[in-house]
Amino acid sequence: MENSTQESHLRPDNSITYESPYPLYSMALSSMPSRSNLNHQRIAVGSFIEDYTNRVDIFSFDPETVSIKTQPTLSFDHPYPPTKLMFQPNRKSPSSSSSDLLATSGDYLRLWEVRESSVEPLSVLNNSKTSEFCAPLTSFDWNDVEPKRIGTSSIDTTCTIWDIEKGVVETQLIAHDKEVYDIAWGEARVFASVSADGSVRIFDLRDKEHSTIIYESPQPDTPLLRLAWNKQDLRYMATILMDSNKIVILDIRSPTMPVAELERHRASVNAIAWAPQSSRHICSAGDDAQALIWELPTVAGPNGIDPLSMYSAGSEINQLQWSASQPDWIAIAFSNKMQLLKV
Amino acid sequence: MATGVENQDRVPENLKKKLALAVRNIQWSYAIFWSISARQPGVLEWGDGYYNGDIKTRKTVQAVELDADQLALQRSEQLRELYESLSAGESSPQPRRPSAALSPEDLTDTEWYYLVCMSFVFNIGQGLPGRTLATGQPIWLCNAHYAESKVFSRSLLAKSASIQTVVCFPFSRGVIELGATDLVLEDLSLIQRIKTSFLDTPHQIVSNKSIPVAGSMGNDNDLACPAHDPQILETKLSPLLGCEQLEMASPDDSSDGFEPNQQVEEPFMVEGINGGASQVQSGQLMDEEFSNCVHHSLNTSDCISQTFVDHGNVVPLHKGEKDNDNNGLQDVQECNQTRLTSLDLRSDDLHYHTVLTALLKTSHQLILGPHFQNSNHESSFINWKNTSLVKSQKTRVETSQKLLKKILFEVPHMHMHDKGLLDSPEDNGIRKAAFRPEADEMCGNHVLSERRRREKINERLMILKSLVPSNSKVDKVSILDDTIEYLQDLERRIEELESSREITESEARTKRKPPDHVERTSDNYGNNKISNGKKSFLNKRKACDIDEAELEVNFVGSKDNNITVSMNNKDFVIEFRCPWREGILFEIMDELSIINLDCHSVQSSTTEGILTVNIKSKYKGVGVTSAGTIKQALQRVAWKC
């Protein structure tokens, strides 16, 4: 499976690999530079062990020297594999607060305070008023306009919007007919979600009575697994289907009809991320062990859209993040490795 | 007005007036003065401008009637104010603007084009104005809306605004740009005349008829073009500043060879053909152009492509300058903007303001950011090659999206098992139907209490499941089946053991009364099957168990050594050894749940009458519990008799 010829363009100055003792799935890049060194960026990775005890490890990355510094004191246990990790967005300056916030999802939404040399659990957010039970979370998204707001998606067909400052549920919506697999914010009050029912729906917190279905998978009930909203051009979002090599690009103003379908992966797609600083670029990664960068073209040719560039990893790429604070770097995770790649 | 102050140093005096005169005189749509930026040397930015195109909504506070000149000047100021308020950010632009101020909805496409131009910045030598400044030569661009973005970065924007002709020439310490919605063939004398007549003299010159736009083209086919374009036609119908093209562009003129296509209703199609027609006039690449345009218009399902024109086929006049070192960055930015503009104007979009703000902010970020410019490091990515397709065509057969599916489909169920809730699909059924806000509120009390009851039952079932060795099935019926089977099996085994022990015991002691014993056990199991009577049966048993316990204490030694409790926050791992007896596991689980421990995994084994239990559990009560409490509780159970 190791493809040595493809990896030959890896050089110490344009990539770095972090090897974890366990398989990795979730991953997050901090938007806040580290206090001690402004050029460093924190990266959190979550293990995927099919057992109760899982780990979240945090280390820092220096894009100048292209090096990684592990920080064993910043590791903590997580019950079962975290389904998603995310640092608080838009924390450009370390002075605003001394520490970074990390959220994880799984049984509950949990908030952790990442300090210089320790991680403290801040809160466990359980949205059930009546019992300790809260349906497990498949994903969440942190609102970058309104950073006190986090939306979670759950297998109980609902999405829950949290006010994490007050630690209360702002609202809970039955969003779909089946499990909700991913959620993404567009604006302060507008979010979208994808579900096992095969639809992409947009919600506006100002009008909770309605949602708009903007896409439905072609074969009824083909689950949609991931959703990414283009933060540079909110008219566009991207989603991926179960067992499909397609990335479906949607325009929220032309519901039901995707504006483009990117079909150059040779196996199913696992992750997508829009470029943080360009509205036309998106990166995708899949079971074909490739990460592809696409430029949405001015005109789609008759043979479909070709990617701009590609990177081949050693095995199926499961996770992909395009750093907002270091837009020149894309992070991918495959097997037990995390790799940072120069764009 | 604010701009006037800000730009004083860079912009020649009275420039706006001069621009106004010039552009009104030749009846073009706008004039822009690009000046060298004071903040960023070597960069051209918006200096001043005058808008002379179509206007959609007029807003005014003055009671006084203004004449056309004043109105037009005021319009240009208002557009500038709107731009400034928009670029100031999302922080509610409304209060900053006076009531008569414009909002984006009030603008025509051409005004929007003019407004977005304000956000552009050009490096010298880059873009139309930048190149003009660098070469010192005027540039006359026809068919600007079809120009390659490398040549004319705003071509897409121009397309939405129907700007066809753009002219740039150096002036003062900057560049003047003029634009028209018509096709005007290159006429350097026009530039000369503007320079001498309007810009160099501070006095107002009213030449009655300088260059009738259509006249300069002298061709009927050209005149017909605007008429084919419904968009232009529409806007031209309400001209506020007297566009005489309208009269000339009457449908009667449209007697050229493209007639069959005029029936097509799709506006884009018509536009495309117009493009083709115009190209015929310029005598360039006729066939290719034409088919190309038609090809595009057919491709309407693609929203992105709709607004774009194929590169490389429609070659504008300045071919030689294509190789200009236009970095991709600028392209990205401008395409971004164009797409927003051309599409957004027509839709009454809820996201309008945000998108617009994002757009204006983005453009600046992109100019400054080093993104996509290859700096010292080389990319890890290589150019995508389709050839690699062949190499690994034979992709793996194993399940695709393995980890992603596990995360989405299986991990939640791991939690479910722990939490003890296994809602079958039927349970979700009631919540199906359409989107209902505030699930909990809508459900009402009955549903809530019902759910609570269900959760409790599920929780108990899960405890039961953890105690019973079972196959992998997790539905309720299987759990109960497994339990019944297990209990029957246990019963059988106990009977065997009892009978064998009876023999040994009766040898050692004679105190005991075996018949009694047997009777008791069977009695217990009867209770156990119903499982509700757990407590009462425990109590009942106490009295007769004492002697048995006494017997077993001896090989347990110090009680404390047999319990280890390790804790991590609210998670407890308990290792525990005690003499085995019937139902002790249930008692342990019961005791733990009384002290608010939620067990999610239990492993137990019995060897030689000693029960070894490994429990992972979570404290779910408020506050804290200590290892001591747990030990006490367990000791209570283990040595209670």
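The values are calculated or read from the model by the stated rules, or taken from the named source; none is laboratory data. None of these values were measured; they are calculated from a predicted model. Counting neighbours? That spans all protein chains shown, and the Cβs are built from the backbone with ideal geometry, glycine included. Surface accessibility is based on the protein's heavy atoms, side chains included, excluding ligands, DNA and RNA. Shrake-Rupley method; radii C 1.70, N 1.55, O 1.52, S 1.80 Å.
Taken across the stretch A:155-164, residues that are part of a strand (DSSP E or B), surrounded by fewer than 16 Cβ atoms within 10 Å (Cβ to Cβ) and modelled with pLDDT of 90 or more do occur, with at least one present.
Search the stretch B:603-634 for residues being surrounded by fewer than 13 Cβ atoms within 10 Å (Cβ to Cβ) and polar (S, T, N, Q), and hand back the single one that is farthest from residue B:579 (Cα to Cα). Looking at residues that are surrounded by fewer than 13 Cβ atoms within 10 Å (Cβ to Cβ) and polar (S, T, N, Q), I get B:626.
Regarding residue A:243, is this residue touching a residue at least 40 places away in the same chain (Cβ under 8 Å) and within 8 Å of another protein chain (Cβ to nearest Cβ)? Judged against the criteria, residue A:243 is not a match. When residues in the stretch A:280-290 are screened for being within 8 Å of chain B (Cβ to nearest Cβ) and out of contact with any Ser or Thr (no Cβ under 7 Å at 6 or more places or on another chain), 2 of them pass. Does residue B:573 fit the bill of being surrounded by fewer than 18 Cβ atoms within 10 Å (Cβ to Cβ) and either of a type outside the set (D, E, K, R) or at pLDDT 80 or above (or both)? Against the criterion (surrounded by fewer than 18 Cβ atoms within 10 Å (Cβ to Cβ) and either of a type outside the set (D, E, K, R) or at pLDDT 80 or above (or both)), residue B:573 qualifies. Checked across the stretch A:206-222, the condition of being in a strand (DSSP E or B), open to solvent by 10 Å² or more (accessible area, probe 1.4 Å) and modelled with pLDDT of 95 or more holds for no residue. The requirement of being closer than 14 Å to residue A:335 by Cα, in contact with a Gly (Cβ under 9 Å, 6 or more places away or on another chain) and assigned to a loop (DSSP other than H, G, I, E, B) is fulfilled somewhere in the stretch A:279-301, by at least one residue. Out of all the residues in the stretch A:320-327, is one or more part of a strand (DSSP E or B), more than 10 Å from chain B (Cβ to nearest Cβ), surrounded by 21 or more Cβ atoms within 10 Å (Cβ to Cβ) and aliphatic (A, V, I, L, M)? Yes, the stretch A:320-327 has at least one match. In the stretch A:291-306, of all residues being facing chain B (nearest Cβ under 7 Å) and open to solvent by less than 10 Å² (accessible area, probe 1.4 Å), the one that is nearest to residue A:217 (Cα to Cα) corresponds to A:296. Whenever a residue of the stretch B:109-126 is assigned by the TED database to the domain that holds residue B:31, its partners that are of a type in the set (S, T, N, Q), lying with C-beta atoms within less than 6 angstrom and at least six residues away or across chains, give the pairs B:109/B:160; B:110/B:29; B:112/B:341; B:116/B:337; B:116/B:341; B:119/B:363; B:126/B:326.
Cβ separations smaller than 6 Å between residues 6+ apart or across chains give the following pairs from the stretch B:604-624 residues that are assigned by the TED database to the domain that holds residue B:592 to residues that are exposed (fewer than 12 other Cβ atoms within 10 Å of the Cβ): B:612/B:605; B:614/B:603.
Among the candidates B:164, B:137, single out the residue that is open to solvent by 10 Å² or more (accessible area, probe 1.4 Å) and touching a Cys at 6+ places or on another chain (Cβ under 8 Å).
Residue meeting the stated conditions: B:164.
Scan A:117, A:123, A:193 and give me the residue that is closer than 21 Å to residue A:253 by Cβ and among the polar types (S, T, N, Q). Unique residue meeting the criteria: A:193.
Quick one: is residue B:116 more than 36 Å from the chain's Cα centre (by Cα) and open to solvent by less than 10 Å² (accessible area, probe 1.4 Å)? So residue B:116 does not fit the description; no.
Say whether the condition of being open to solvent by less than 30 Å² (accessible area, probe 1.4 Å), closer than 20 Å to residue A:28 by Cβ, touching a residue at least 12 places away in the same chain (Cβ under 8 Å) and not in a loop (DSSP other than H, G, I, E, B) is met by at least one residue in the stretch A:119-130. Yes; the residues of the stretch A:119-130 include at least one that is open to solvent by less than 30 Å² (accessible area, probe 1.4 Å), closer than 20 Å to residue A:28 by Cβ, touching a residue at least 12 places away in the same chain (Cβ under 8 Å) and not in a loop (DSSP other than H, G, I, E, B). Right, residue B:160: polar (S, T, N, Q) and closer than 30 Å to residue B:57 by Cβ or not? For residue B:160, the condition - polar (S, T, N, Q) and closer than 30 Å to residue B:57 by Cβ - is met. The set of residues in the stretch A:185-204 being in a strand (DSSP E or B) and more than 13 Å from residue A:146 (Cα to Cα) consists of A:192, A:193, A:194, A:195, A:199, A:200, A:201, A:202, A:203, A:204. What number of residues in the stretch B:134-174 are among the small types (Gly, Ala, Ser) and in a loop (DSSP other than H, G, I, E, B)? Count: 6.
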